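Report on the structure given below.
The values are calculated or read from the model by the stated rules, or taken from the named source; none is laboratory data. Computed from a predicted model, the values in this text were never measured in an experiment. In this analysis, Cβ positions are derived from the backbone assuming ideal geometry, glycine residues included, and neighbour counts consider all displayed protein chains.
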Amino acid sequence: MNVAGFTLVEVLVALVVFAVLGFAVTSRVGDIVNQTYGIERRTVAHWVAENHVNRMRITQRGVDQVLPTGREKERVLMGDREWLLEISIEETSHPWLRRVEVAVAEVTEQEDERFVDQVIAFIGRY
């Protein structure tokens, strides 16, 4: 009587191999999800900063004065999230040109203001 089949040791080895492979795949999928979330977050933060710079440029078109220098903070809503903008306007060597830096942080419950993205632009008088 010759019965073909697997021994208990062979089955256990196969289970260990599948468990290790399953763990490796699961951890990699988690890493990919975290990376995707980070990329999406930085992309939306960049859009928020670019939108603010463009809004400043459009507003400046109807004004015959240069932007006032200084710092200010503003909160905006985009992508179902609240974002904190820290705007810094500095003088340049040209009297009609200002250096504008917009740093963006996501407002979360931890109140930890880590800036996700930053945009630097130059806005002129006209």
> Quick one: how many residues across the range 5-57 are more than 30 Å from residue 102 (Cα to Cα), part of a helix (DSSP H, G or I) and not β-branched (Val, Ile, Thr)?
Replying inline: 14
>> Looking only at residues that are touching a strand residue (DSSP E or B) at 6+ places or on another chain (Cβ under 9 Å) and surrounded by fewer than 13 Cβ atoms within 10 Å (Cβ to Cβ) in the range 95-116, which one is modelled with the highest pLDDT?
In response: 96
>> Looking only at the range 1-59, filter to residues that are among the charged types (D, E, K, R) and in contact (Cβ under 8 Å) with a residue 60 or more places away in the chain; which one of those is farthest from residue 116 (Cα to Cα)?
In response: 57
> Taking the range 95-119 on its own, how many of its residues are among the basic types (Lys, Arg) and either in a loop (DSSP other than H, G, I, E, B) or under 19 Å from residue 44 (Cα atoms) (or both)?
Replying inline: 1
>> Here are the criteria: (1) closer than 16 Å to residue 124 by Cβ; (2) surrounded by 11 or more Cβ atoms within 10 Å (Cβ to Cβ); (3) free of Cβ contacts under 8 Å to residues at least 40 places away in the same chain; (4) not charged (D, E, K, R). Tell me which single one residue 67 does not satisfy.
In response: (3)
>> Among the residues in the range 74-94, are any loosely packed, with under 11 Cβ neighbours inside 10 Å and assigned to a strand (DSSP E or B)?
In response: yes
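Could you say whether any residue in the range 14-24 is within 28 Å of residue 120 (Cβ to Cβ) and surrounded by fewer than 11 Cβ atoms within 10 Å (Cβ to Cβ)? Let's see the steps before the verdict.
Start the filter on the range 14-24 by keeping residues that are within 28 Å of residue 120 (Cβ to Cβ), which leaves none.
Within the range 14-24, none of the residues are within 28 Å of residue 120 (Cβ to Cβ) and surrounded by fewer than 11 Cβ atoms within 10 Å (Cβ to Cβ).
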